[in-house]
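Student: Below you will find the structure I want to go over with you.
The values are calculated or read from the model by the stated rules, or taken from the named source; none is laboratory data. Every value quoted in this text rests on a predicted model; they were computed, and no experiment measured them. Virtual Cβ from ideal backbone geometry, glycine too; neighbours counted across all protein chains shown. Side chains are part of the model used for accessible areas, which takes the heavy atoms of the whole protein and leaves out ligands, DNA and RNA. Shrake-Rupley method; radii C 1.70, N 1.55, O 1.52, S 1.80 Å.
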Amino acid sequence: MVRVIQFHTFSGTAQRFLGFILLLPLIAAFWCSAILATIMFVVISVLMFFELGTMAGVRGLSLGILLALGGLINLWPFAAAIYGWSLPTIFVFIIGLALICRISVVRLTGDHRVADFCLMMVICVASGSFILGLPEGRFLLLALALVIACCDCAAYFVGRAVGGPRLASAISPNKTISGALGGIMATLLAAVLLFGPMDLLDLEFFINGEMVMLSWPQIIAVGLVIGLLAQIGDLLESAVKRRLGFKDSSQLIPGHGGVLDRFDGYLLTLPAMILFFMLA
């Protein structure tokens, strides 16, 4: 019995590693070209809405409308740039856009919980589009991706190694409190290495023409908040999948499931970054 469990653990780990290897060319393209980064972000957005629509049973023209919604959300930053919107205006616009989209999804699916999750997706994608439009914004998104990846990996391996009480057994029975704490500690360490004095990626972020410099309290807060929100986003997506009767949003990425499974950690972290910029 022990040997069987160890085999399956290795198999799952190997699949996750294979899925990560398949994502490396996408990460490299995102790093090298702002145009490719924008195209990839739009594609990822559309795939996320496709997976949600498919799980919710949306078909035909209604699914096409949902996919168009996922793509068109990415166009709004151009209007913001043309008219010079302030960050508070941008935030209010994103919320208004999300509410309009929620009403549309309720009419398409008839499911208010799915519509609520779609509202979060709209806010997430719109926030990511704004960040991507910043000078060197794609590097900020990559830094966030690295921090969230550290959270996911630490939560997975610490949870398997330590075990213990379940975090939310009714929603995701495999997640443990020890894994969640391990993920938060990993994000804190990653934030210190990326945004602290070492600045491993040599990142510089500009908002309204001014470079954003993080203090130590801000760095620690960023690490803790990202670690917490990334895992909450994961649980929210798990709750939607359980409601709709799915284990994974799709089988597109080996060992990871679908695009929505891979990027659920961004649901709350990207909007939180917009709020952080407003308060920084």
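Student: Does residue 143 satisfy being more than 26 Å from residue 239 (Cα to Cα), of a type in the set (Gly, Ala, Ser) and at pLDDT 85 or above? Show your work before the answer.
Tutor: Working: more than 26 Å from residue 239 (Cα to Cα): yes; of a type in the set (Gly, Ala, Ser): yes; at pLDDT 85 or above: yes.
So residue 143 fits the description; yes.
Student: Regarding the range 201-216, can at least one residue be identified that is farther than 20 Å from residue 41 by Cβ, open to solvent by 30 Å² or more (accessible area, probe 1.4 Å) and at pLDDT 85 or above? Even if it seems obvious, please write down each step before you answer.
Tutor: Restricting attention to the range 201-216, the residues satisfying the condition of being farther than 20 Å from residue 41 by Cβ are 202, 204, 208-216.
So of that shortlist, the ones also open to solvent by 30 Å² or more (accessible area, probe 1.4 Å) come out as 202, 204, 208-216.
Then keep just the ones that are at pLDDT 85 or above; that gives none.
The answer is no; no qualifying residue exists.
Student: Quick check on my filter: what residues within the range 30-53 are free of Cβ contacts under 8 Å to residues at least 12 places away in the same chain and within 13 Å of residue 259 (Cβ to Cβ)? Outline the logic, then answer.
Tutor: So in the range 30-53, the residues free of Cβ contacts under 8 Å to residues at least 12 places away in the same chain come out as 32-33, 35-36, 39, 43.
43 - this is the single residue of the range 30-53 that is free of Cβ contacts under 8 Å to residues at least 12 places away in the same chain and within 13 Å of residue 259 (Cβ to Cβ).
Student: Give the residue that is nearest to residue 269 (Cα to Cα), with candidates limited to residues of the range 224-256 that are polar (S, T, N, Q) and open to solvent by less than 40 Å² (accessible area, probe 1.4 Å). Reasoning before the result, please.
Tutor: Quick first cut of the range 224-256, residues polar (S, T, N, Q) only: 231, 238, 249-251.
Narrowing the set further to residues that are open to solvent by less than 40 Å² (accessible area, probe 1.4 Å) leaves 231, 238, 249-250.
On the way: 231: 10, 238: 17, 249: 20, 250: 22 Å.
Across the range 224-256, the extreme among qualifying residues is 231.
Student: Additional query: Need the failing condition index for residue 104 against (1) open to solvent by 10 Å² or more (accessible area, probe 1.4 Å); (2) polar (S, T, N, Q); (3) closer than 23 Å to residue 40 by Cα, just the number.
Tutor: Here residue 104 meets the rest and fails (3).
Student: Hey, residue 29 hits all of (1) open to solvent by 30 Å² or more (accessible area, probe 1.4 Å); (2) modelled with pLDDT under 85 but one; which does it fall short on?
Tutor: (1)
Student: Could you list all residues from the range 166-184 that are of a type in the set (Lys, Arg) and in contact (Cβ under 8 Å) with a residue 24 or more places away in the chain?
Tutor: Going through the range 166-184, the residues of a type in the set (Lys, Arg) turn out to be 166, 175.
Matches in the range 166-184: 175 only.
Student: Please go through the range 54-74 and pick out each residue that is free of Cβ contacts under 8 Å to residues at least 24 places away in the same chain and assigned to a helix (DSSP H, G or I). Quick ask: steps written out before the conclusion?
Tutor: To start, the set of residues in the range 54-74 that are free of Cβ contacts under 8 Å to residues at least 24 places away in the same chain comprises 59-61, 63-64, 67-68, 72.
The answer is 60, 61, 63, 64, 67, 68, 72.
Student: For the range 166-179: of the residues being in contact with a strand residue (DSSP E or B) (Cβ under 8 Å, 6 or more places away or on another chain) and assigned to a helix (DSSP H, G or I), which is most open to solvent (accessible area, probe 1.4 Å)?
Tutor: Looking at the filtered set, the residue picked out is 177.
Student: Output yes when any residue across the range 70-89 is open to solvent by 50 Å² or more (accessible area, probe 1.4 Å), over 19 Å from the mean Cα position of the chain (by Cα) and of a type in the set (S, T, N, Q), and no when none is.
Tutor: Among the residues of the range 70-89, at least one is open to solvent by 50 Å² or more (accessible area, probe 1.4 Å), over 19 Å from the mean Cα position of the chain (by Cα) and of a type in the set (S, T, N, Q), which makes the answer yes.
To keep it simple, each residue is scored yes or no on (1) without any contact (Cβ under 8 Å) to a residue 60 or more places away in the chain; (2) surrounded by fewer than 20 Cβ atoms within 10 Å (Cβ to Cβ); (3) of a type in the set (A, V, I, L, M).
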residue: 118; (1), (2), (3): no, no, no
residue: 122; (1), (2), (3): yes, no, yes
residue: 134; (1), (2), (3): no, yes, yes
residue: 139; (1), (2), (3): no, yes, no
residue: 143; (1), (2), (3): no, yes, yes
residue: 147; (1), (2), (3): no, no, yes
residue: 157; (1), (2), (3): yes, yes, no
residue: 161; (1), (2), (3): yes, yes, yes
residue: 164; (1), (2), (3): yes, yes, no
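Student: Has the range 225-232 got at least one residue that is of a type in the set (A, V, I, L, M, F, W, C), within 19 Å of residue 190 (Cα to Cα) and touching a residue at least 60 places away in the same chain (Cβ under 8 Å)?
Tutor: Going residue by residue through the range 225-232, those that are of a type in the set (A, V, I, L, M, F, W, C) are 225-226, 228-230, 232.
Subset that is within 19 Å of residue 190 (Cα to Cα): 225-226, 228-230, 232.
In the following step, the residues that additionally are touching a residue at least 60 places away in the same chain (Cβ under 8 Å) were identified as 226, 230.
Yes, the range 225-232 contains a residue that is of a type in the set (A, V, I, L, M, F, W, C), within 19 Å of residue 190 (Cα to Cα) and touching a residue at least 60 places away in the same chain (Cβ under 8 Å).
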